[in-house]
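The values are calculated or read from the model by the stated rules, or taken from the named source; none is laboratory data. Owing to the predicted nature of the structure, the values given are computational and were not obtained by experimental measurement. Keep in mind that these areas ignore ligands, DNA and RNA; they rest on the heavy atoms of the full protein, side chains included. Shrake-Rupley method; radii C 1.70, N 1.55, O 1.52, S 1.80 Å.
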Amino acid sequence: MKYSELVKPLGIRSDDAGAMIGNTSLFERMVRAGWIKPVVDRHSCRLFDVADVEQCWKRLKAGDYPAETAEVRA
C-alpha cells in the first residue's frame, strides 16, 4: 500500500473538490451560492477543507441544491 493511500489530505484544490462532488460546475455553483469558502485563496492557490466539501455533499444528498440566481464571485 502506498503512503498516499494511507494519508487523507486536509485541503484540496477546486478541481479535486469538484471531482469529489462528481461535477466541477456543480461545485462552483456551491461556491457562488456561499455553501463553502476556500480556506486559502491567494494568487494561484485556492484550497478547500475536505470536511467542508463532505458537508456540501451531505447537504446535496439531503435534497438541498445551490440557488440558480447566486451572484458571481468577483
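Within the option set MET20, MET1, being hydrophobic (A, V, I, L, M, F, W, C) and in a helix (DSSP H, G or I) holds for one residue only, MET20.
Note on the stretch 23-69: residues that are assigned to a loop (DSSP other than H, G, I, E, B) and either under 16 Å from LEU10 (Cα atoms) or open to solvent by 30 Å² or more (accessible area, probe 1.4 Å) (or both) total 17.
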